[in-house]
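Below: one structure, written as structure tokens.
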Amino acid sequence: MPVKIALVTGGTRGIGKAIVSRFIKDGFHVVFTGRTEESVSRAQDDFTGNANGIPCNVADPAAVKTLFEQIVKDHGTLDVLVNNAGITRDGLLLRMKADQWDEVVNTNLRGAFLCCQAAVRLMMKNEGGGRIINISSVIGLIGNGGQANYSAAKAGLIGLTKSVAKEFGSRNILVNAVAPGFIETDMTAGLGEDMRKQLLDGIPLSRFGKPEDVAGVCSFLAGPDAGYITGQVLTVDGGMVM
Ligand code: NAI
């Protein structure tokens, strides 16, 4: 059996990095991206196994085109795509600048759209189809004051997930979203003690999540046991939202 190829965007740290590590363990060859040459080469040094990093701003159509051309050149195909790259630029609605909105929507949602489009073109040619996993957020389900841009982008990802799942189900391309709750990464490291305590009080499992908690669910969704699941949102949040 040929080695399966997975692409994880934003795989240089946090949740994405844990997904890359898990997929390597699962036997994939993993292509991962990051924003900068430097972050990609730093992460590359940390991975032992079948992975190669390519710098790519997922919000930029030309960069995504180049990325997929490289994947075709190196591997000829793609079996799994994880749209994980994401950013926050929080602010209350009345003070939010249009740039702040665009930056977040472009990275989190436009980036995922561009990668989905390029990925399905390749996956349609695969005998076994493919898997797409979009990393949304519980904030896309319930909203959050100060995160209108992020919440809209993450809710948009759920709509994208369901639409692509419907469009490509007949080609055996399975598309699902994962909605993490509070996961300990650089993205959440800046939250103050009071906010952390308040959040923790609302989590039935009484702990914050680890990147590996999300990576395990992605492994399942990319694997053989998830062959009859598409268009779903799997919440990984210790019971925070139910
Ligand atoms: P992080 O900030 O630690 O890592 C983000 C990754 O995305 C980095 O590798 C970065 O290089 C990459 N990235 C950012 N902008 C990019 C761009 N334009 N093009 C390519 N790559 C880009 O974030 P974290 O916490 O690991 O989050 C990963 C995903 O999980 C994000 O989509 C985030 O919204 C989502 N998420 C995180 C939660 C958390 O509690 N940490 C909760 C819910 C969702």
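Bear in mind that the values in this text are calculations on the coordinates, not laboratory data. In this text the structure is predicted, and so the values were computed from the model without any measurement. Neighbour counts run over all protein chains shown; Cβ positions are idealised from the backbone, glycine included.
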Selection from Gly239, Gln147, Gly159, by position along the positive dipole direction of the chain (Cβ) = Gly159
Aspartates and glutamates whose Cα lies under 15 Å from that of Lys65, excluding same-chain neighbours fewer than 8 positions away = Asp74
message = As a quick test, which of the pairs Lys154/Lys210; Lys162/Lys210; Lys25/Lys210; Lys125/Lys166; Lys17/Lys154 have an alpha carbon distance above 22 angstrom in this structure?
response = Lys162/Lys210
inquiry  = Tell me the angle of helix 111-123 to the major Cα principal axis of the chain, expressed in degrees between 0 and 90 and rounded to the nearest ten.
reply    = 20
message = Tell me whether segment 128-242 comes out rounded, prolate or oblate; compute the Cα gyration tensor, take square roots of the eigenvalues as a ≥ b ≥ c, and use a/c under 1.5 as the rounded threshold.
response = prolate
task = Note down the magnitude of the dipole of segment 5-236 about its Cα centre, charges +1 on Lys and Arg C-beta and -1 on Asp and Glu C-beta and zero elsewhere, to the nearest 20 debye.
result = 440
task = May I ask you to derive the FRET efficiency for Asn126 and Asp194 from their Cβ-Cβ distance with R0 = 45 Å, giving the value to the nearest 0.05?
result = 0.35
Added length on full extension, which subtracts the Cα-Cα distance from 0.36 nm per residue, Gln44 to Ala98 = 16.0 nm
In nm, spacing of pseudo-spin labels at Lys210 and Met242 (7 Å Cα→C-beta vector) = 2.2
message = Quick check: residue separation of Asp225 and Arg171 times 0.36 nm, minus the Cα distance between them. What number comes out in nm?
response = 17.6 nm
ask   = Which chymotrypsin sites (Phe, Trp or Tyr not before Pro) does segment 181-242 hold that lie in a coil by DSSP with at most 10 other beta carbons within 10 Å?
value = Tyr228
Cα gyration tensor category, rounded, prolate or oblate, for segment 5-236 with a/c compared to 1.5 = rounded
task = Grab the Cα-Cα distance for Ile142 and Glu69, subtract it from 0.36 nm times how many residues apart they are, and report the gain in nm with one decimal.
result = 22.5 nm
